[in-house]
Amino acid sequence: MQMFQSSLFCLQPQGDSYTRRSAFDSMLAGCIPVFFHPGSAYTQYTWHLPKNFSTYSVFIPEDDIRKRNGSIEELLSQIPPEQVQIMRENVINLIPQLIYADPRSKLETLKDAFDVAVQAVIDKVTRLRKNIIQGRTEYDNFVEENSWKYALLEDGQREAGWHEWDPFFSKPKGESSGDSSTGSSAEAAKNSWKNEQRDQK
């Protein structure tokens, strides 16, 4: 943690999974995280982190580093000091909603990670119930392979189309199986949802 506290930027490449534990340790220390894959934070922790990831972190596509399109140090040095200061303040402001508060602290004005998660679940259940009453699904043509996209949709959007991060999550497929597997997955997801709704009636 001392190393994070004395650093402005903390590099957070993928580990055994998209997200390293040190990603959160660095933010708790007030260090600006530098991510190389959107799955490390932006698509997983949408309840706890702002959608506008550039306000608290730096994103450098991992392929840019592999292809040597620029050094990490050079890219980070191009960020104006004023912007770095604002980003660091934003990281510090995120700390309460990334940790579990001590119940003895009697927090009344700040929401911790648990409060944020509970409120997000309540909002989702409320939205699902409203959709059921109105006789519609939450999303149109839900595709499981694209599940990471749905949390990134703006209010009112019901279908996930092309996204600039598609190359990070797309898996190579044979020409013969590509379309059919996507279609069957979408069909399976829709049928699963319909069965769940029927069972609840």
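The values are calculated or read from the model by the stated rules, or taken from the named source; none is laboratory data. Since the model is a prediction, treat every value here as computed from it, not as a measurement. Please note: Cβ atoms are built from the backbone with ideal geometry, for glycine as well, and neighbour counts cover all protein chains shown.
Annotations
- Sub-7 Å Cβ pairs linking a first residue in the stretch 54-78 that is under 20 Å from residue 8 (Cβ atoms) and at pLDDT 90 or above to a second residue that is part of a loop (DSSP other than H, G, I, E, B) and of a type outside the set (D, E, K, R), at least 6 apart or interchain, are 56/50; 57/41; 60/36; 72/60; 75/60, ordered by first then second residue.
- Candidates in the stretch 79-103 are the residues that are modelled with pLDDT of 95 or more and among the charged types (D, E, K, R); of these, the one that is surrounded by the fewest Cβ atoms within 10 Å (Cβ to Cβ) is 82.
- A count restricted to the stretch 1-31 and to residues that are surrounded by 16 or more Cβ atoms within 10 Å (Cβ to Cβ), basic (Lys, Arg) and not in a loop (DSSP other than H, G, I, E, B) stands at 0.
- Candidates 151, 188, 113 - the one that is modelled with pLDDT under 55 and of a type in the set (A, V, I, L, M): 188
- Qualifying residue in the stretch 6-15 (condition: more than 30 Å from residue 124 (Cβ to Cβ), of a type outside the set (Asp, Glu) and without any contact (Cβ under 8 Å) to a residue 24 or more places away in the chain): yes
- Some residue of the stretch 35-45 being touching a strand residue (DSSP E or B) at 6+ places or on another chain (Cβ under 6 Å), at pLDDT 90 or above and of a type in the set (Phe, Trp, Tyr): yes
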